[in-house]
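What follows is a set of notes on a single structure, which appears directly below.
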Amino acid sequence: MSDMGSPTLFHQPPRRDQAIVAFDFDGTLTVRDSFTAFLRWRAGAGGWFGGLARMAPDLATYVGDRDRGRLKAASVREFLKGAPRAQLEADAEAFAGQVWPGFIRYDALACWKDWGQRGAYRVIVTASPETTVAPFARRLGAEALLGTPLVFDGDDRVTGAFAGPNCRGEEKVRRLRAAFGEEMALAAAYGDTTGDTEMLAIADEAGFRRFKG
């Protein structure tokens, strides 16, 4: 199980004088939801529609409770359960490489690069699994990644569960503070849904579906 207090770091933790900037991923840095796109790509047309048919009860429940975390967990069980970690990571890398040219929003990328040039510590905070977002984060040069970690069993295969709550809403703030300290301050945060509201609220500069250079 992943350590829910630790981000997936690609560089060093932020310096005391370094501005921390948080970006949502799906729909903010990307043009659409990356996890759904990855599952469909990995399953193929037949596997995708067959899986959705088997998920009919879960989809019906979602219409009533609107619980995104529960629906996401159901999709992991349907499409990823039993997948070896190494194979899943390789698939995620291949997917990112294939879709990258048309998947990243150019306005978001310009903002991302601008903060990088200003020396900011850029962290992606996403409800999608860290495993599937990691290849994108590496290509972007992210300093850290906080997502919804998958659980792997003793044979390093996906169990079909998550190691913690869906990284959305207040959970994004909790994860940020667990990673960088209770006194952590965000110089800026960017998002595109109500799942980013709490994260945007604690930032000095908040970008909701807009970016400033």
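The table below lists the values:
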| item | result |
| --- | --- |
| Condition check for Glu143: out of contact with any strand residue (DSSP E or B) (no Cβ under 6 Å at 6 or more places or on another chain) and not aromatic (Phe, Trp, Tyr) | no |
| Only listed residue being within 12 Å of Val21 (Cα to Cα) and open to solvent by less than 30 Å² (accessible area, probe 1.4 Å), chosen from Leu186, Leu150 | Leu186 |
| Yes/no for Glu171 being within 17 Å of Ala22 (Cβ to Cβ), of a type in the set (Asp, Glu) and touching a Phe, Trp or Tyr at 6+ places or on another chain (Cβ under 6 Å) | no |
| Selected residue [among the aliphatic types (A, V, I, L, M) and either surrounded by fewer than 22 Cβ atoms within 10 Å (Cβ to Cβ) or farther than 25 Å from Ala19 by Cβ (or both)] from Ala144, Ala163 | Ala163 |
| Residue tally, condition touching a residue at least 60 places away in the same chain (Cβ under 8 Å) and more than 28 Å from Arg77 (Cβ to Cβ), over segment 177-206 | 9 |
| Among residues of segment 196-210, those that are crowded, with 22+ Cβ neighbours inside 10 Å and under 14 Å from Asp26 (Cα atoms), counted | 1 |
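Here is a yes/no grid of residues against (1) at pLDDT 95 or above; (2) more than 16 Å from the chain's Cα centre (by Cα); (3) not aliphatic (A, V, I, L, M):
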residue	(1), (2), (3)
Leu145	yes, no, no
Thr148	no, no, yes
Thr159	no, yes, yes
Ala163	no, no, no
Glu170	yes, no, yes
Val173	yes, no, no
Ala189	yes, no, no
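Residue by residue, here is whether (1) in contact with a Phe, Trp or Tyr (Cβ under 9 Å, 6 or more places away or on another chain); (2) not β-branched (Val, Ile, Thr) holds:
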site	(1), (2)
Asp17	no, yes
Ile20	yes, no
Ala37	yes, yes
Val63	no, no
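The values are calculated or read from the model by the stated rules, or taken from the named source; none is laboratory data. Remember, predicted model here, so these are calculated numbers, not experimental data. Every residue, glycine as well, gets a Cβ built from its backbone with ideal geometry; the counts of neighbours run over all protein chains shown. Protein only, heavy atoms only, side chains kept; ligands, DNA and RNA dropped before computing areas. Shrake-Rupley method; radii C 1.70, N 1.55, O 1.52, S 1.80 Å.
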